[in-house]
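Student: Before I ask anything, let me first share the structure, which is written out below as structure tokens.
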Number of protein chains: 4
Amino acid sequence: LTNTLNVGLVSDALVQYMVRQNPDIGIGSSTVNVVVGETNDGYLNDLQGRHVRAEHVWAAIEASSAGLVAEGSVGAGTGTSCFGWKGGIGTASRVLPEKAGGFTLGALVQTNFGHPEELQVCGVRVGRQIRPPAPPSQARGDGSIMIVLATDAPLSARQLRRLCVRAAAGLARTGSLYGHGSGDFVIAFSTAHTLAHKPAALLATRTVVADEARAMAWLLPAVVESVEEAILNSLFRAETVIGRDGHRRVGLPVEEVVALVRMHDPAMSNE
Amino acid sequence: LTNTLNVGLVSDALVQYMVRQNPDIGIGSSTVNVVVGETNDGYLNDLQGRHVRAEHVWAAIEASSAGLVAEGSVGAGTGTSCFGWKGGIGTASRVLPEKAGGFTLGALVQTNFGHPEELQVCGVRVGRQIRPPAPPSQARGDGSIMIVLATDAPLSARQLRRLCVRAAAGLARTGSLYGHGSGDFVIAFSTAHTLAHKPAALLATRTVVADEARAMAWLLPAVVESVEEAILNSLFRAETVIGRDGHRRVGLPVEEVVALVRMHDPAMSNE
Amino acid sequence: LTNTLNVGLVSDALVQYMVRQNPDIGIGSSTVNVVVGETNDGYLNDLQGRHVRAEHVWAAIEASSAGLVAEGSVGAGTGTSCFGWKGGIGTASRVLPEKAGGFTLGALVQTNFGHPEELQVCGVRVGRQIRPPAPPSQARGDGSIMIVLATDAPLSARQLRRLCVRAAAGLARTGSLYGHGSGDFVIAFSTAHTLAHKPAALLATRTVVADEARAMAWLLPAVVESVEEAILNSLFRAETVIGRDGHRRVGLPVEEVVALVRMHDPAMSNE
Amino acid sequence: LTNTLNVGLVSDALVQYMVRQNPDIGIGSSTVNVVVGETNDGYLNDLQGRHVRAEHVWAAIEASSAGLVAEGSVGAGTGTSCFGWKGGIGTASRVLPEKAGGFTLGALVQTNFGHPEELQVCGVRVGRQIRPPAPPSQARGDGSIMIVLATDAPLSARQLRRLCVRAAAGLARTGSLYGHGSGDFVIAFSTAHTLAHKPAALLATRTVVADEARAMAWLLPAVVESVEEAILNSLFRAETVIGRDGHRRVGLPVEEVVALVRMHDPAMSNE
């Protein structure tokens, strides 16, 4: 994930990294096609500078680890804006009950979309009452969101695609209209099976989800909830950022928002 | 729009109707492919009876008129269920301001989806507090929704498709997760141009939407709002129906729901 | 497979048949959505008569058997035209070698497309030299083809879709341009696994194609060859048919075509 | 168009070029998303070297001109292989008659696919008799082709997409099976209208193709023929290339191929 004008540099850095890991690429073995997601963070970021260099990409890969994921104004979320506030990276997940396989479904988002008045939190139209201090000067487009879904459920490509579709419901719950300028992408992958580059045999025996209705009855809500929560986390964890030319995105006033939500729905106090 | 097992009969009735209107079909002129949308309303409806006959289809076409659209438990919505309550047909529309062309965008829905606890009205999770009297015995699938969008804006096929995508946001706002069993379809059409079956000339001059950003800034919210409102209308206008084998779907207790929504959001009192 | 204006009646007959087989449909169990493919055979056929009735559909199902498939002017191919000649039903298949799993791939087509001058047989532009006796009076559209692929290879939905794409190469080899009026459809299915309507467990273990490159190296040519051959078979096996209003489609003069192909390519004599 | 591992560098060079042309990009105006097509030419090319640098990209843009297009082993076609022979860049076009609008349809291809035995020229299975000197050592994948279609017919996005589908028929006529490893892409664009980045008005009046049947009756064959011819041109114009590690791709022996085609089809002598 990076900014729009940095796609080329990041893509090339990934290729370099892969070739270093496997010097056989493109010589004795096949090539690689890397996947880079992008968003236009030009209000805060000096886009033309294309400041993300190969070293940053490699450092990001090397620093990746299990455990908590950094959220808010980090990485490709450093320069993004969401509903007129500071957006960023957010993540959330659900663990399914044992009767549904006990699988985990997680979402990671890069949020860079929405007009201030559209923001909804837990159904409360927060954007009608709480607005960022200054009018959004980046009214050119409507931004976009990148959504990555991961699961250890042994889903097929067809089943993973079904998860992607439901990510749109989570997005809509935050108030998004999937605006005109948006290129909202969702990709999903399963970690259940490790596929050999050169399979030993023509056929293999694999675990699959046979009772799709039962699995989806849990996976689909998990997608919707995780995406909604990940987007909110990207807002709740992002702090004010001052970027290029003094441009400023203010962090969402979390306490104010929480108070408003609780006022509308006292039951929220216990959540 | 009809029920699942009636698609064949309705399709054939439409073909008969078309042939009667234009006896040249399939002889001197080309054929017709009719479009029939369906949903499984088998909880209330004696599906196997396939009770919709050609006469009903023809009567429906002949009775069609400009003006108010019947909503609730009418037509193909007679047997449907939505969030465990009686669903049906709903409609809503928006007129764009003059600066956006003054166009109209309308939605018509046939609602037959959702679990009781999912229902959201104006962001309030009504389904958590107000439930239908009896547990839903038709828990087999998750139902589906047919959404038809119409506009007089001179949109291209590509632009109409963009409207269809946004219908999903309106659907999500009512609490739908686009459940496992759902076959949720959206079709959109424009009435701006009348296309000749046998065009007079190779080329023609047509009005198109050139400033897509400006048009979509109004059309996309119009789609989201119209679809959300149409779904709620289908619920608010449907009354209790007792169907086959004494199966019963209760109409949504509108006053109770409105009171709950107002309690959560006093501002709603003025809407 | 049937004609365009008969889709509704055939669809309804299939629903009736299914309900008779399983009276639980739509009551205790879910509903069925039947798949009907169609083509406009209105030059020979009295389309408006919609002469295919439920009894014919049921008889066709009951008469289905293993063994040789009837080809030419039979069933839904009775009224079709192909490259200006009498078209019909055709079929062909390939058996993969043991090292590729020994699987079978078969194609069945309903041919109703093409202009006389486009016909190619084994690469020879037969249509440039051999033409049907009378100019085609049904020059309104360009017709269409339905292609059904079946295999016992344990392919996933994604892999089956890849087969469908390659069917287009087989079609092109006969000279088709996928003309303007064409609605050329391909569906593919695998008989490898029997999927339970109500699965016993959430997960299952299934045989899958792990070495997709090796399998596809054989399956893709099998698709291309089978589709090309099935189309040619539909032409080679169809005899002259005189239809409504004295309309006439002449069967392809097989010996003349074979002679022409052999003249161009002596090596064909041995095939 | 470039090689697989060079996509990042080329993409970045295009962004740099665009920013230099329009310094407002990403600051006062929106961003750009560039389109780069790729193929794996690793048999001849030292892929890992990623030898295409920004300067080469800029030079290519600056050197672009009207007039004849260089074909064969040029540009992104320098390292490609096609049916085991040297492939490359090819182009071809058709001008429609006045009654079909007099429009031009052109194709440009980057050919890097196919096994030797598959090659067909004018329907003659050349690959069965004429083979490249050495067995193809790059048997890892099946390669791919990039196809670019351009026209001055005022087609909509929907209509352009229809052209793309027909490119597959032209590809199949050369013997391609759209092999397993292939990522065969087609993009099409129309030069009929110049679309303003910031339109002056909401609506505009534009010339469109109203009689789609008539236009497509000419455009679709033009696509099929142009793509077939462009692929053959890429082969006929490419000369032997010796690449990395002494790898060698021999140019198609044109006279031998032509003689074989004429032998099969004497009528070809006049074409």
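Student: Tell me yes or no: at least one residue of region D:49-60 is charged (D, E, K, R), within 14 Å of chain A (Cβ to nearest Cβ) and within 30 Å of D:LEU219 (Cβ to Cβ).
Tutor: No, every residue in region D:49-60 fails to be charged (D, E, K, R), within 14 Å of chain A (Cβ to nearest Cβ) and within 30 Å of D:LEU219 (Cβ to Cβ).
Student: Right, next: All but one of (1) buried (at least 22 other Cβ atoms within 10 Å of the Cβ); (2) over 16 Å from A:VAL148 (Cα atoms) hold for A:THR2; which doesn't?
Tutor: (2)
Student: Quickly run through region B:91-123 and pick out the residues that are open to solvent by 30 Å² or more (accessible area, probe 1.4 Å), assigned to a loop (DSSP other than H, G, I, E, B) and more than 15 Å from B:GLY170 (Cβ to Cβ). If you could, list the steps in order and put the result at the bottom.
Tutor: Applying the first criterion (open to solvent by 30 Å² or more (accessible area, probe 1.4 Å)) to region B:91-123 yields B:91, B:93-95, B:97-99, B:104, B:108, B:115, B:117-118, B:122.
Within this subset, residues satisfying the condition of being assigned to a loop (DSSP other than H, G, I, E, B) are B:97, B:115, B:122.
Correct list: B:PRO97, B:HIS115.
Student: One residue is enough: does region C:56-71 have a residue meeting the conditions under 15 Å from the mean Cα position of the chain (by Cα), surrounded by 18 or more Cβ atoms within 10 Å (Cβ to Cβ) and on the phi > 0 side of the Ramachandran plot?
Tutor: Looking through region C:56-71, none of the residues is under 15 Å from the mean Cα position of the chain (by Cα), surrounded by 18 or more Cβ atoms within 10 Å (Cβ to Cβ) and on the phi > 0 side of the Ramachandran plot.
Student: Could I ask something else about it? Here is a check on your reading of the model: is D:VAL261 surrounded by fewer than 22 Cβ atoms within 10 Å (Cβ to Cβ), in contact (Cβ under 8 Å) with a residue 60 or more places away in the chain and in contact with a Pro (Cβ under 7 Å, 6 or more places away or on another chain)?
Tutor: no
Student: Could you check, for region D:193-206, whether at least one of its residues is touching a Ser or Thr at 6+ places or on another chain (Cβ under 6 Å) and facing another protein chain (nearest Cβ under 8 Å)?
Tutor: Within region D:193-206 (the criterion being touching a Ser or Thr at 6+ places or on another chain (Cβ under 6 Å) and facing another protein chain (nearest Cβ under 8 Å)), the answer is yes, since at least one residue qualifies.
Quick grid of which residues meet (1) without any contact (Cβ under 8 Å) to a residue 24 or more places away in the chain; (2) more than 24 Å from A:PHE185 (Cβ to Cβ):
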| site | (1), (2) |
| --- | --- |
| A:GLY84 | no, no |
| A:THR91 | no, no |
| A:CYS122 | no, yes |
| A:ARG128 | yes, yes |
| A:ALA134 | no, yes |
| A:GLY143 | no, no |
| A:ARG161 | no, no |
| A:ALA172 | yes, no |
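Student: Here is a further query. Within region A:16-33, identify whether any single residue is under 19 Å from A:PHE185 (Cβ atoms) and either outside any loop (DSSP other than H, G, I, E, B) or at pLDDT 95 or above (or both), and answer yes or no.
Tutor: So far as region A:16-33 goes, no, none of its residues is under 19 Å from A:PHE185 (Cβ atoms) and either outside any loop (DSSP other than H, G, I, E, B) or at pLDDT 95 or above (or both).
Student: Within region B:85-105, can you find the residues that are among the small types (Gly, Ala, Ser) and closer than 15 Å to B:LEU232 by Cβ?
Tutor: Correct list: B:GLY87, B:GLY88, B:GLY90, B:ALA92, B:SER93.
Student: I'd like the residue in region B:178-187 that is hydrophobic (A, V, I, L, M, F, W, C) and within 14 Å of chain A (Cβ to nearest Cβ) and, out of all such residues, is surrounded by the most Cβ atoms within 10 Å (Cβ to Cβ). So that I can check it myself, show each step before the final result.
Tutor: Residues of region B:178-187 hydrophobic (A, V, I, L, M, F, W, C): B:185-187.
Adding the requirement that they be within 14 Å of chain A (Cβ to nearest Cβ) leaves B:185-186.
Values: B:PHE185: 17, B:VAL186: 23.
Per the criteria, the residue is B:VAL186.
Student: Examine region D:17-25 for a residue that is touching a helix residue (DSSP H, G or I) at 6+ places or on another chain (Cβ under 8 Å) and more than 8 Å from every other protein chain (Cβ to nearest Cβ), and state whether such a residue exists.
Tutor: yes
Student: Restricting to region D:34-90, name every residue that is polar (S, T, N, Q) and outside any loop (DSSP other than H, G, I, E, B).
Tutor: Correct list: D:THR39, D:GLN48, D:SER81.
Student: Now a separate question. On the basis of being part of a loop (DSSP other than H, G, I, E, B), charged (D, E, K, R) and over 13 Å from the mean Cα position of the chain (by Cα), does A:ASP12 make the cut?
Tutor: It is false that A:ASP12 is part of a loop (DSSP other than H, G, I, E, B), charged (D, E, K, R) and over 13 Å from the mean Cα position of the chain (by Cα).
Student: Shifting gears a bit: Can you give me the number of residues within region A:7-36 that are surrounded by fewer than 17 Cβ atoms within 10 Å (Cβ to Cβ) and among the acidic types (Asp, Glu)?
Tutor: 1
Student: How many of the residues in region C:140-177 are within 10 Å of chain D (Cβ to nearest Cβ), open to solvent by 10 Å² or more (accessible area, probe 1.4 Å) and of a type outside the set (Asp, Glu)?
Tutor: 8
Student: Another question about this same structure. Looking at this structure, is C:ARG249 of a type in the set (Lys, Arg) and surrounded by 19 or more Cβ atoms within 10 Å (Cβ to Cβ)?
Tutor: It is true that C:ARG249 is of a type in the set (Lys, Arg) and surrounded by 19 or more Cβ atoms within 10 Å (Cβ to Cβ).
Student: Quick check, is D:TYR43 hydroxyl-bearing (Ser, Thr, Tyr) and at pLDDT 95 or above? Even if it seems obvious, please write down each step before you answer.
Tutor: Working: hydroxyl-bearing (Ser, Thr, Tyr): yes; at pLDDT 95 or above: no.
Answer is no for this residue.
Student: When you look at B:SER190, is it more than 10 Å from chain A (Cβ to nearest Cβ), crowded, with 18+ Cβ neighbours inside 10 Å, of a type in the set (S, T, N, Q) and over 26 Å from B:CYS82 (Cα atoms), yes or no?
Tutor: Values: more than 10 Å from chain A (Cβ to nearest Cβ): yes; crowded, with 18+ Cβ neighbours inside 10 Å: yes; of a type in the set (S, T, N, Q): yes; over 26 Å from B:CYS82 (Cα atoms): yes.
Taking the combined requirement at face value, the residue satisfies it.
Student: Do we have A:LEU235 as more than 10 Å from every other protein chain (Cβ to nearest Cβ) and of a type in the set (A, V, I, L, M) here?
Tutor: Yes, satisfied.
Student: To continue, here is another question. Tally time: how many residues in region D:215-240 are in contact with a His (Cβ under 9 Å, 6 or more places away or on another chain) and either open to solvent by 20 Å² or more (accessible area, probe 1.4 Å) or of a type in the set (Val, Ile, Thr) (or both)?
Tutor: Selection size over region D:215-240: 1.
Student: Now for a separate question. Can you tell me which condition A:GLU212 does not meet? The list is (1) under 23 Å from A:SER93 (Cα atoms); (2) touching a Gly at 6+ places or on another chain (Cβ under 8 Å), and all the others hold.
Tutor: Result: A:GLU212 fails condition (2) only.
The values are calculated or read from the model by the stated rules, or taken from the named source; none is laboratory data. This is a predicted model, so every value here is computed, not measured. Here the Cβ is made from the backbone with ideal geometry for all residues, glycine too, and neighbour counts use every protein chain on show. These area figures cover heavy atoms from the full protein model, side chains too; ligands, DNA and RNA do not enter into them. Shrake-Rupley method; radii C 1.70, N 1.55, O 1.52, S 1.80 Å.
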